[in-house]
Amino acid sequence: MKFKFEKLTIWQKAMDFGEELFEMSSRFPKEEKYNLISQIRKASDSIALNISEGSIGQSNLEFKRFLGYAIRSLAEVVTCLHKSKRRKYINESDFKILYDEAFYLMNMMNSFKSKIK
């Protein structure tokens, strides 16, 4: 690993979470291609992208700002999960698994963010 963000557990978890959501959304109806599929994929990719971009920044304050963006993207994913469940694209069990993973990731990012001076 050559980049410091690759060593961050929050980045690794965000990468895994994004891939899970990509896979899940590929089972959505075709008419959601430019709506919910696109939205959930962009938002979930944005989590890891913001963690990596912020870690390369010039200051800890900037890193904290990008972690805030990552957390906001995660909130967007959670809303997409609710919409997916309401539209019956995912069942309650799958929703709960992904929702719990999102909550865990949010807590990890908040904890990490609070430790940055």
Report summary line: Within the stretch 47-73, residues open to solvent by 30 Å² or more (accessible area, probe 1.4 Å) and in contact with a Phe, Trp or Tyr (Cβ under 8 Å, 6 or more places away or on another chain) come out as Glu53, Ile56
Requested in this report: Considering only the stretch 71-92, state which residues are β-branched (Val, Ile, Thr), in contact (Cβ under 8 Å) with a residue 24 or more places away in the chain and closer than 28 Å to Gly54 by Cβ.
Outcome: Ile71, Val77, Val78
**Report entry** From Glu6, Glu76, residue being assigned to a helix (DSSP H, G or I) and open to solvent by 60 Å² or more (accessible area, probe 1.4 Å)
**Finding:** Glu76
Report summary line: Here the residues within the stretch 25-35 that are in a helix (DSSP H, G or I) and either free of Cβ contacts under 8 Å to residues at least 40 places away in the same chain or open to solvent by less than 10 Å² (accessible area, probe 1.4 Å) (or both) are Ser25, Lys30, Glu31, Lys33, Tyr34, Asn35
Query raised in the report: For the stretch 93-106, does any single residue satisfy the condition of being part of a helix (DSSP H, G or I), more than 21 Å from Thr9 (Cα to Cα), in contact (Cβ under 8 Å) with a residue 60 or more places away in the chain and open to solvent by 10 Å² or more (accessible area, probe 1.4 Å)?
Result: yes
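The values are calculated or read from the model by the stated rules, or taken from the named source; none is laboratory data. Here the structure is a predicted model, which means the values were calculated and not measured. Glycine also receives a Cβ, built like all others from the backbone with ideal geometry; neighbour counts cover every protein chain displayed. SASA here: full protein model, heavy atoms, side chains in, ligands and nucleic acids out. Shrake-Rupley method; radii C 1.70, N 1.55, O 1.52, S 1.80 Å.
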